[in-house]
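Values in this text are rule-based calculations from the coordinates and carry no lab data. The model shown is predicted, which means the values in this text are computed figures rather than measured ones. Don't worry about glycine lacking a Cβ; one is built from the backbone with ideal geometry, like all the others, and counts go over all protein chains shown.
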Amino acid sequence: MSDYHIDTKCVQSGYQPENGEPRILPIIQSTTFKYKSTEQLGRLFDLQEPGYFYSRLANPTCDYVAAKIADLEGGNSCVLTSSGQAAIMMTVLNLCEAGDHIVSCSTLYGGTFNLFSVTLKKLGISVSFVRPDADAEEIIKAIQPNTKLVYGEMVANPALNILNLESFAQAAHTVGVPLIVDNTFPTPINCRPFEWGADLIVHSTTKYMDGHATSIGGCVVDHGTFDWEKYADRFPGLTRPDDSYHGVIYTRQFGPAAFTAKFTVQLMRDMGFSPAPMNAFLLNIGLETLHLRVPRHCANALAAAEFLKRHPNVSWVKYPGLADDSQYQLARKYMPNGVCGVLSFGVRGGRDNAVRFMDSLKLSSIVTHVCDARTSVLHPASHTHRQLTDEQMVLAGVPNDMIRLSVGIENSEDILHDLDQALNIL
Ligand SMILES: *Cc1c(COP(=O)(O)O)cnc(C)c1O
């Protein structure tokens, strides 16, 4: 479907039924697949022939949805995982082992920050953090001889900082390592990381891609252009024989799909972060309207940000789509059509008023989730950052008056009215 516009790809890419087959993506709810001969199944196990044999490694329903996402991002191949966290963890482990090092932007989703700073450390993989707006020189300074990848979150959840994508790509390619970008908040509708030099893209499909808060999921998309063979000594897992497959060399056997092939047949086999076919089916339904929902989320969020800015009971508003926001120029550069539907703001009077505001909302719901069709709110001081002292929260960039608002696709007047009535109670 590569010649079509992204809107058409959202609806039509992936599953292509043949004559007389079901019009809608079938849910292949089967752990295993049947073969006529011992020898043929043997060839599958030796990777000499493509085919499905066990859904821990691969499943057709999941693969059709992965193909759609690869098409949306303009990538060569994609693998779905059981969650966004699983996609990030496995992407790192597909390139790194004990003794290796990563350079990452410092503004990260909380789960990714813990993975990088605590869990990877226990596995012997170290991480250096740089500012999301760092220039290439600053990023190169953080790179070591054992660095295997550079990582960045395109729009940080919840800090809403924008990644200086070009500098990160330039730094990574100067030293010969891939750039991995988490494109969860902008989605491929608003941001095209491969066109700016990213080599791999990860997503929490749980967010806008699913869009209806039904299924946890993730994926990794490979652009298929990073030259692993050129840096063969740095990436032995891809360029040297794999003993667990009688010596297969992924770059030789799978060419530009080497990364996703190794990810599937080695890491999925050994670790099993596999998605459920039913969840892939639900994700596909979400993807069919992604191009309609994302612009609506952005328009409603901009209207909410402008409204909150004028409200006397609001002390500050952070939204990269506002012309006076510190991130506005970077946002315009990489996401000219809009950023996302998530914003944050401060309630005048601090923690107690923030709680009263939350409890007075009628339409917006208090949930941990973001990027849902329904407007959702969270008070980090009462929820995700509850264990921190007020001083620690200021250091983390999460003051105690902060509300994280994920603006949905309802009528914007109804959303503004709900915010207004709750703010006016204070
Ligand atoms: C939610 C999120 C993740 C983690 O994804 P899960 O699907 O919850 O595991 C990673 N990155 C970003 C930017 C997220 O918002």
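Remarks
- Extent along principal axes [Cα atoms of the stretch 125-191; Å; largest to smallest]: 35, 23, 20
- The largest-to-smallest principal axis extents of the Cα set in the stretch 291-423 are 39, 31, 27 Å.
- q = 0.08, 0.10, 0.15 Å⁻¹: log10 I(q)/I(0) that the Debye formula gives for the stretch 58-212, counting C-alpha atoms only: -0.20, -0.32, -0.74
- Over the chain, the pair-distance histogram of Cα-Cα distances with 20 Å bins from zero comes to 26, 55, 18, 1 percent, rounded to whole numbers.
- In this simple spin-label approximation, R269 and Q12 carry label points 7 Å from Cα along the Cα→Cβ vector, and these lie 3.8 nm apart.
- Within the listed set T174, T289, T91, the Gaussian network model of the chain (springs between alpha-carbon atoms below 10 Å) gives the highest mean-square fluctuation for T174.
- Crossing angle, helix 412-424 versus the chain [Cα axis fit, 0-90 degrees, rounded to tens]: 50
- For the chain, adding -39500 (n - 2.57) for each run of n ≥ 4 DSSP H residues and dividing by the number of residues yields -9500 deg cm²/dmol at 222 nm.
- When you restrict to C-alpha pairs under 8 Å that are six or more residues apart and normalise by the size of the stretch 291-423, the relative contact order lands at 29 percent.
- Rel. contact order, % - alpha carbon contacts under 8 angstrom, at least six apart, the chain: 15
- Descending semi-axes in whole angstrom, ellipsoid equivalent of the stretch 1-137, from the Cα gyration tensor: 35, 23, 13
- Averaging Cα coordinates gives a centre for the stretch 348-421 and one for the stretch 10-33; these two points are 40 Å apart.
- Extending 7 Å from Cα along the Cβ direction at V118 and again at T31 yields two label points whose distance is 3.3 nm.
- Along the chain, the exposed loop sites are trypsin sites (Lys or Arg not before Pro) outside DSSP states H, G, I, E and B with at most 14 other Cβ atoms within 10 Å, and the longest stretch free of them is 37-361.
- Within straight-line reach of K122, meaning a Cα separation under 19 Å, sit the following lysines at least 8 residues removed in sequence or on another chain: K148.
- Dipole magnitude for the chain: computed about the Cα centre from +1 point charges on Lys and Arg Cβ and -1 point charges on Asp and Glu Cβ, it is near 540 debye.
- Lys/Arg +1, Asp/Glu -1 at C-beta; the chain dipole; positive extreme among S360, N300, F185: S360
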